[in-house]
Amino acid sequence: MRTLTLFFSISFLFLVNIHFAEAQKKPTQPGSVKGALKDTVQKYILRTATISVYNVKDSSLINYQLSNAYAEFNVPNLPVGIPLKLEVSHTGYTIFEKKFTIPADAKTYDFKTIYMKPQNITLKDVEIRVPPITMNGDTLEINPAAFKLDSNAVIEDVLRRTPGLELWGDGVITFNGRAIKNVYVDGKQFFGGDPKVALQNLPNQVIQKVQVYREPNEKNLRDSTLTMNIKLKKNKKSGMFGKTGGGYGTDDRYETDASINIYNAKMQIGIVAASNNVNKTAENANDLLESSTYKGVGANIDYQSDFRANGINQPTAAGVNFKYDFFEDPKWDKTNTLTADYFVQRQLYKNNTDNQTITTIGDADKIYNTSQNKNEQTSNDQKFNARYLLNTDHSSFNISSSYNPGNRVSSNRSLSNSFNNENSLVSANGSTSNERSTYKYLNFSMNYNQRNYNYNSKIFPLFRGMSVQYDFNLSDRLDENNNISDFKSFVNPSTNRLIDRRYQNPVNDMTHKIRIELPSISNLIRKNGLQNLNIALINNLKLNTNKNQNNVSDLDSLTGAFRGNSYLSNNLKTDLIEELPELRIQKSFYKQLSNRFYQNLSISASAIQNVTNQNTTSIKDFQNINKTYSRFLPSASISAQDNQYGAYYRSASISYSTSMQIPEIWQLAPLTDSTQVYNLRRGNLNLKEATTQSISFNFNHNDNKTKNAFNMGLGGNFAFIKNAIVDSIIIDAQNRREVYNVNISGQKSLNVYANINKAITISGAQLQFRLNTGLNSLKSPSVTNGAINFSRSISNYNNLTIYYSFKDKLALEAKTSMSFSKSKQLLFNTQYTSQTYSNMLSTSYNVTKKLNFSSNITLNKNTSSNNEDINFAIWNASAIYRLLKGNNVEIKISALDLLHQNTQIINYTNSNSLTTGTQTVLQQYFMATLSYYPRLFGLAGK
Amino acid sequence: MIKPFYYLILFGLLSSFLFGASAQQSYPDSSRTVVLRIDPASAKGGAVSDVFSEVEFIPLETTKESLFGYILHLEIIDDCFVLYDADTKAVYIFEQNGKFKTKIDSKVLKAANGKKYEYTQGFAVSRLDGKNLITIETDKNMLYFDTNAKLIKKTALKSNKINGEYLKTYFNSGYVQTNYIQINKKDSTIFDLATFNQNKITGKYFPAAKDKYLNGDSYIADGCGIFDFDAVDKLFFLRPHDYHIYLATPDKLLVAYKFIFPLNKMLPADFLTPGKYKGFARMEYLAHNGEIIYGLGNSFLAGNKLFFTAKQMNTGTDAKSALMYNLKNGDLTSIADLQPDALSQFLPITDDKLGNDFEQRNFLVFYKGNMYTSYSSLTLFNVKEQRNGKKTKYNAALTKLFKEGSINDNPIIIRLKPTKN
């Protein structure tokens, strides 16, 4: 193993050296070519013609440009002294091509005036060649065929070469600084809608063109969103792609997956299955598909197993995706789509944790607790979703439903010891619990939306633009648990107890929600001045019934039989009716000066009354509670946009809202379970509802520029809770805790964040900077042994990422993160702090078109008060070799956690405590993987 | 690219009128009609100086008072530019050299009208005692201003009577009125055009079909209406989806030119058949058939040069819509393809394919043998940048603008004088 480690370290350093040596050797590209385009027959000058410059040696495209308003061009960044070819194309003209060489001394070549010949006849057998980029009205069209890439290139490889388009490290695509919100294939979402699936799987050769255009925003016609549509070639509308692969490694580590995806003009079907014990988990079939994309020829920073995940996961999963579009070429106002997916997963999970917690209970009094937990879990889960969507030019209608049955068996063993200030053992508790849950969840929702601008006179004015939403949720659960708890006190032995208790807890929960919105109330008001206001009436009604049964029995140590526990056994039913009528008044102002700016200001205020009735019926008298809460919940918001043409686009908003949280039955009148010695629950019937008032703001700036995009966003939220429902804890000298809830005002929280992104393109290389930073501050009250303590905690995170890529050769990412948290207990005058630092360097280098080396190293440092610093590094490396003409076979050798240092730290502060520890985590392994990617596009006969 | 929806004008919702077939109607005189067979695709380009003998760029002075968005409507009265800007909803008056003179904004209208807040949706030119005045219709009054924004006359509007002032265009000896309504006791008729000699009606043309408006049919009427090309007692009149250019005189309406386009670019014969294309069906048909020439627009005659647009939904880079036909030698020129030369200081004379002023509004006015168009400072600064550092000697006005101005300045008016032949 040591040899392998050494091998990977040396090869990584060697490769990085090669690249930089090569980069230094590479000649700079100081040349340029210029000229002007004319048609002498019709006396036209040819604007927006495409000028492309190719290297004669390998026919690769070096640079290109569109001719300007004067039909002139000046293409920069070209090599001097080598044979090049100029190609000029324009609709209706025969392509002009000519070889030339830029003299090394002059560094520029002038074609003067190029006379283009009109294409008189359009014959079918005329060779059709397309330029890399054309403007068709307001639509930018990228023509992949013109790029002359490797035969295995995918569409992502083309987009990386398109000026103005930026593919960011976090998956966002921007064009001239503005984010592209939708990526479609022939106007439809492609296998779940994640752009990655289309961009990394669809080969260059099946694409006719990629279009980038603006789609108007239906709610504000002056606003628009950027959309990308990948248009497939006529005979390539059908295709099949997939993956089958398996790997085996040291410590019996394995991973295997297989997927097959078939599509045609109307239908998409994907089948996928995977199993591993290296923490590669998925939530649904799309997640699985996204992790088995083919990828093209470029260098990608690709992440391996999740080394940060808790415990060891061994998932085995399979899924099916299905989508049918009744229209071959859907539009926003002409969509008729049926989608369905099924996902089944069996997951084994193991985790051991080792924690130390310090809790402040008085001025100088602290309790020190150590605990070891061992958790094993097996879960089986199935998910079925179906959705139907119908969009017409006057309405939008959709129905969706999901069904999710499953079960989970888990066992948990824990041993915890508590010590006092003098470090002497005060109490110990050992507990074992075996749990089994079976569940079925059913959701159904239906939504009807009339389009805002639909002025069909047949509709009564009150109902114009209305929307109706209905949701139904049903949950049916059975939780069974056997809990053995052995508490020993070294201070007061009379409190020792051994309890062996069984729980059986069927829960049935059913919710109906109806929301009706009538946005055109102002249509009915004839009074002058009011018509310009946008007045809406909204009603939200929620009906919920929760049936919760508890069957508890204890082991009778004398008879050895389980006997019913009449105190804890219960039958509880809670009916909740929540009614929220809302009146919303909104007014918009705008100001514009054509070709200069467009500014928009919108002010909205809502009056909402929340009336909630909570009725609990139980076989325990003290739980028969019927309470009605009523509260006025106002909200307001102001938002503004400023679009300065040719300069920038900015938006800002500030909003105020109020919400109400009512106490639940387990907070008002719970049944106290004596096995929970460290968390004995008591009730408080006097609990009132809590009210949260919050103010949020955000600001965004986007450059409206074609090159070197810059964008930033910042925002924040301040919340104040009146009558917050907080814990009041009574801790005795043996660390036994009784907890009940009380209302205390004065809880405050503040969260602020900022994101800054900047991209720079320097001939062939791309550099991206991303900075994310945030601050969270919380002042929260709690009660410990009768004394109110306000705890102030503050945490902060900062991530700086620099991403560099050079053509298809090298991708490099450096990331540095720092997070900090501090918690201070004002009453006890104590303070806990912790800091985490992490520095990561990832690199991927294509040695040849077939061979790739990747490596990433992360250095972690953890510091916290009262504990020694923890430092560790994770270093992963892999080599990939691709075989066959289509790169369909991939052999991968990976070495993970080369330094064998991976550690998962537990580090968090609470209102009056600090917990630190470690837990089970994936550690060093080496693995060899073989994958095959079947790929077939344009099926026979299609 | 498809032209935006706001070109669409709905001739509808006039349900208060009852249409009778009995109204007397006049027919245009087609005895001297000139037939022109034209294929826009064959239009040629050329240099700016091939078509125009004078080109002048007139930057409109930018001050806090004079800052406006774009020129929706331009007229020249007393040698002053009078323009309406829909962004600021005001009428601006500039001197011939671009110097700001005054404006008629809500403040002026409020003072003229009394207490009530007012703004204007546009203006018309009226003739009073042989003098042209800026006429603005407000809630209760018709206001007449001179080019110093001085209120000359105020007439109260009658609540139930339509004031035709906005619909009139004056000859030396009479006027024409579009959408002329003849009110009868039992029923009323609306005519597309009526001609007047002095104040006497001489002809009522194109009565609305009985069900034309009630069907909710839609027409695309951009570039249609009356065009004054500065000839004594002669005006051009254009109708939606009609391949004729009509010549209105105080006494009658003539069919001056009839256009015949290649068959695959002509509208279907039943395109205007009532009830055939309901609702937005015409719009939809044209959206799917972008190459079809759906009508004529913006026509002016300067000597032998007949300027007009052959309107197509397809406004892509190769579309040739703004044209000039030489009646003497039959040459067809595409205005967008005229190459800037020394005469135009190497600047484009229109913003066709660069902005949207020319595409949407074409030439704004024809006055004393000159044609006027405009484009934004944003476009002007952009094209100047594309000169790639080539040295061009600009005249004093442009030198000053490039030195002191910015992309945020007021639009520029371009005066073009067509050559004699």
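The values are calculated or read from the model by the stated rules, or taken from the named source; none is laboratory data. Since this is a predicted model, take the numbers as computed values, not measurements. A quick note on method: Cβ atoms are made from the backbone with ideal geometry, for glycine too, and the neighbour counts reach across all protein chains shown.
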Task: B:Ser42, sole failed condition from (1) at pLDDT 90 or above; (2) closer than 30 Å to A:Leu37 by Cα; (3) of a type in the set (S, T, N, Q) - done: (1)
TODO: Please tell me if A:Thr617 is surrounded by fewer than 17 Cβ atoms within 10 Å (Cβ to Cβ), touching a helix residue (DSSP H, G or I) at 6+ places or on another chain (Cβ under 9 Å), of a type outside the set (D, E, K, R) and closer than 30 Å to A:Leu680 by Cα.
DONE: yes
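In the stretch A:332-439, which strands (runs of 3 or more DSSP E) lie fully inside it and hold 3 or more residues that are touching an Asp or Glu at 6+ places or on another chain (Cβ under 8 Å) and of a type in the set (Ser, Thr, Tyr)? Give the derivation first.
Values: elements: A:335-360, A:366-391, A:395-419.
Qualifying strands (runs of 3 or more DSSP E): A:335-360.
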Open item on the list: I need a count of the residues in the stretch A:744-779 that are assigned to a strand (DSSP E or B), more than 30 Å from A:Lys809 (Cα to Cα) and more than 27 Å from the chain's Cα centre (by Cα).
Closed with: 4
- [ ] For A:Ser817, indicate whether it is at pLDDT 90 or above and within 22 Å of the chain's Cα centre (by Cα).
- [x] yes
- [ ] Would you confirm whether any residue within the stretch A:452-467 is of a type in the set (Phe, Trp, Tyr), without any contact (Cβ under 8 Å) to a residue 60 or more places away in the chain, surrounded by fewer than 16 Cβ atoms within 10 Å (Cβ to Cβ) and assigned to a loop (DSSP other than H, G, I, E, B)?
- [x] yes
TODO: Could you tell me which numbered condition A:Ser865 fails, if it satisfies all but one of (1) more than 30 Å from A:Asn201 (Cβ to Cβ); (2) small (Gly, Ala, Ser); (3) touching a residue at least 60 places away in the same chain (Cβ under 8 Å); (4) surrounded by fewer than 17 Cβ atoms within 10 Å (Cβ to Cβ)?
DONE: (3)
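Which residue out of A:Leu425, A:Leu474, A:Leu478 is more than 23 Å from A:Lys547 (Cβ to Cβ) and aliphatic (A, V, I, L, M)? Can you show your working first?
On the way: A:Leu474 fails: more than 23 Å from A:Lys547 (Cβ to Cβ); A:Leu478 fails: more than 23 Å from A:Lys547 (Cβ to Cβ).
Going through A:Leu425, A:Leu474, A:Leu478 in turn, just one is more than 23 Å from A:Lys547 (Cβ to Cβ) and aliphatic (A, V, I, L, M): A:Leu425.
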Task: Tally of residues being more than 14 Å from B:Lys353 (Cα to Cα) and part of a loop (DSSP other than H, G, I, E, B) across the stretch A:133-147 - done: 1
TODO: Kindly state which strands (runs of 3 or more DSSP E) lie completely within the stretch B:215-310 and contain at least 1 residues that are hydroxyl-bearing (Ser, Thr, Tyr) and buried (at least 20 other Cβ atoms within 10 Å of the Cβ).
DONE: B:244-248, B:253-260, B:293-302
- [ ] Look at A:Asn902 and say whether it is among the polar types (S, T, N, Q) and either free of Cβ contacts under 8 Å to residues at least 12 places away in the same chain or in a loop (DSSP other than H, G, I, E, B) (or both).
- [x] yes
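Could you list, in sequence order, the residues of the stretch B:403-414 that are more than 14 Å from chain A (Cβ to nearest Cβ) and either surrounded by fewer than 21 Cβ atoms within 10 Å (Cβ to Cβ) or in a loop (DSSP other than H, G, I, E, B) (or both)?
B:Lys403, B:Glu404
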TODO: State all residues of the stretch B:383-395 that are within 11 Å of another protein chain (Cβ to nearest Cβ) and of a type in the set (Lys, Arg); if no residue qualifies, say none.
DONE: B:Lys384, B:Arg387, B:Lys390
- [ ] Please work out which residue is nearest to B:Val55 (Cα to Cα), limiting yourself to the stretch B:349-369 and to residues that are out of contact with any helix residue (DSSP H, G or I) (no Cβ under 6 Å at 6 or more places or on another chain) and within 14 Å of chain A (Cβ to nearest Cβ).
- [x] B:Phe358
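Please tell me if A:Leu478 is in contact with a Gly (Cβ under 6 Å, 6 or more places away or on another chain) and closer than 26 Å to A:Tyr349 by Cα. Even if it seems obvious, please write down each step before you answer.
On the way: in contact with a Gly (Cβ under 6 Å, 6 or more places away or on another chain): no; closer than 26 Å to A:Tyr349 by Cα: yes.
Against the criterion (in contact with a Gly (Cβ under 6 Å, 6 or more places away or on another chain) and closer than 26 Å to A:Tyr349 by Cα), A:Leu478 does not qualify.
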TODO: For the stretch A:82-123, enumerate the residues that are within 14 Å of chain B (Cβ to nearest Cβ), of a type in the set (S, T, N, Q) and in contact with a Pro (Cβ under 8 Å, 6 or more places away or on another chain).
DONE: A:Ser89
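Out of B:Leu338, B:Leu378, B:Leu398, I need the residue that is within 14 Å of chain A (Cβ to nearest Cβ) and touching a strand residue (DSSP E or B) at 6+ places or on another chain (Cβ under 8 Å). Which one?
Details: B:Leu378 fails: touching a strand residue (DSSP E or B) at 6+ places or on another chain (Cβ under 8 Å); B:Leu398 fails: within 14 Å of chain A (Cβ to nearest Cβ).
Only one candidate qualifies: B:Leu338.
Considering the stretch A:56-81 alone, what residues qualify as being touching a Leu at 6+ places or on another chain (Cβ under 7 Å) and within 12 Å of chain B (Cβ to nearest Cβ)? Don't jump to the end; show me each part of the working.
So in the stretch A:56-81, the residues touching a Leu at 6+ places or on another chain (Cβ under 7 Å) come out as A:56, A:62-63, A:67, A:69, A:71, A:78.
Result: A:Ser67, A:Ala69, A:Ala71.
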TODO: Return the residue satisfying two criteria in turn: it lies in the stretch A:34-48 and is in a strand (DSSP E or B) and not β-branched (Val, Ile, Thr), and of such residues it is nearest to the other protein chains (Cβ to nearest Cβ).
DONE: A:Tyr44
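In a strand (DSSP E or B) and away from chain A (no Cβ under 11 Å) - does that describe any residue in the stretch B:327-334?
To start, the set of residues in the stretch B:327-334 that are in a strand (DSSP E or B) comprises B:332-334.
Narrowing the set further to residues that are away from chain A (no Cβ under 11 Å) leaves none.
No, every residue in the stretch B:327-334 fails to be in a strand (DSSP E or B) and away from chain A (no Cβ under 11 Å).
Quick one: is A:Phe12 modelled with pLDDT under 80, out of contact with any Pro (no Cβ under 8 Å at 6 or more places or on another chain) and either within 14 Å of chain B (Cβ to nearest Cβ) or surrounded by 15 or more Cβ atoms within 10 Å (Cβ to Cβ) (or both)? Give the derivation first.
Details: modelled with pLDDT under 80: yes; out of contact with any Pro (no Cβ under 8 Å at 6 or more places or on another chain): yes; either within 14 Å of chain B (Cβ to nearest Cβ) or surrounded by 15 or more Cβ atoms within 10 Å (Cβ to Cβ) (or both): yes.
The answer is yes for A:Phe12.
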Open item on the list: If I ask for residues that are surrounded by fewer than 17 Cβ atoms within 10 Å (Cβ to Cβ) and either of a type in the set (Lys, Arg) or over 26 Å from A:Leu568 (Cα atoms) (or both), which ones from the stretch A:493-510 would you list?
Closed with: A:Arg497
Task: Any pair with Cβ under 9 angstrom, 6 or more apart, that starts in the stretch B:37-59 at a residue that is of a type in the set (Gly, Ala, Ser) and ends at one that is in a loop (DSSP other than H, G, I, E, B) and surrounded by 20 or more Cβ atoms within 10 Å (Cβ to Cβ) - done: B:Ala41/B:Lys320; B:Ser42/B:Lys320; B:Ala43/B:Lys320; B:Ala47/B:Pro340
Task: In the stretch A:645-664, the residues that are over 28 Å from the mean Cα position of the chain (by Cα) and either farther than 24 Å from A:Phe720 by Cα or small (Gly, Ala, Ser) (or both) - done: A:Tyr645, A:Gly646, A:Ala647
Task: Residue ID - surrounded by the fewest Cβ atoms within 10 Å (Cβ to Cβ), chosen from residues in the stretch A:193-222 that are part of a loop (DSSP other than H, G, I, E, B) and at pLDDT 80 or above - done: A:Asp194
